[in-house]
Amino acid sequence: METFIVNELVRELANKHGRTRESLLPILQDLVVQNRYLTSQDMVDVARELDISAADVFGTATFYSFLDTEVRGKYVIRICKTISCAMKGKNDILNTIEDTLKIRVGETTSDRKFTLLETNCIGWCHKAPAMLINDTPYIELTPERVTEILRGYMKK
């Protein structure tokens, strides 16, 4: 019989959330909170702990845009790409961020301070255009306001 060493954090999260298929998403979310992203080994460990396939865990992790499966910057900027935000100037906001940070969507600054991503609805369509920086929403954005917001994060 093969013996596997499972990440202690994965075991703790399984103890907290349970070992059913329904526990998968809360465990993955907590891993991202703790480690900022999911490693391949994390996903294998979760699969073993929950007795489900690694492909099932990987498929779930890669389906949800907020479950990062690669290293991101300290500040992850997520721009809403829905039609509501697009109609209210999302492209101007995106261009301002790209020009200010000198990166494109999907990239991380060389100092690993910022990552820029597009994502589906973030729940602020009524106040579009909108973005999240980590868990903080910014709404009714203008290029000038975005520049001001980014400068504040650059000083941190």
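Residues that are touching a strand residue (DSSP E or B) at 6+ places or on another chain (Cβ under 7 Å) and either within 22 Å of residue 136 (Cβ to Cβ) or modelled with pLDDT under 90 (or both) are absent from the range 82-89 altogether. All conditions in (1) within 19 Å of residue 120 (Cβ to Cβ); (2) assigned to a helix (DSSP H, G or I) hold for residue 66, with the sole exception of (2). Of the residues making up the range 17-49, those that are surrounded by fewer than 13 Cβ atoms within 10 Å (Cβ to Cβ) and either within 16 Å of residue 64 (Cβ to Cβ) or at pLDDT 95 or above (or both) are 21, 22, 33. The residue pairs whose first member lies in the range 21-46 and is farther than 25 Å from residue 113 by Cα, whose second member is among the charged types (D, E, K, R), and whose beta carbons are closer than 9 Å, counting only pairs six or more residues apart or on different chains, are 21/56; 23/16; 24/56; 26/16; 27/16; 27/49; 45/11.
Only residues that are closer than 12 Å to residue 128 by Cα and charged (D, E, K, R) were counted across the range 66-91, and they come to 3.
Looking across the range 117-130, just one residue is loosely packed, with under 14 Cβ neighbours inside 10 Å and more than 18 Å from the chain's Cα centre (by Cα), and that is 126. Return a yes/no flag: does the range 36-59 have any residue that is touching a His at 6+ places or on another chain (Cβ under 8 Å), among the small types (Gly, Ala, Ser) and not assigned by TED's automatic domain parsing to the domain that holds residue 136. Checked against the condition, which is being touching a His at 6+ places or on another chain (Cβ under 8 Å), among the small types (Gly, Ala, Ser) and not assigned by TED's automatic domain parsing to the domain that holds residue 136, the range 36-59 yields no hits at all. For residue 44, indicate whether it is more than 28 Å from residue 122 (Cα to Cα) and either outside any helix (DSSP H, G or I) or not polar (S, T, N, Q) (or both). Criteria met by residue 44.
Every residue, every condition in (1) over 19 Å from residue 69 (Cα atoms); (2) modelled with pLDDT of 90 or more; (3) surrounded by 14 or more Cβ atoms within 10 Å (Cβ to Cβ); (4) within 18 Å of the chain's Cα centre (by Cα), yes or no:
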position: 107; (1), (2), (3), (4): no, yes, yes, yes
position: 132; (1), (2), (3), (4): no, yes, yes, yes
position: 141; (1), (2), (3), (4): yes, yes, yes, no
position: 144; (1), (2), (3), (4): yes, yes, no, no
position: 156; (1), (2), (3), (4): yes, no, no, no
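If you go through the range 69-93 and keep only what is in a loop (DSSP other than H, G, I, E, B) and farther than 16 Å from residue 121 by Cβ, you end up with 69, 70, 71, 72, 73, 74, 89.
The values are calculated or read from the model by the stated rules, or taken from the named source; none is laboratory data. This structure is a prediction, so every number in the text was calculated from the model and none was measured. Glycine gets a Cβ as well: all are built from the backbone with ideal geometry, and neighbour counts include every protein chain shown.
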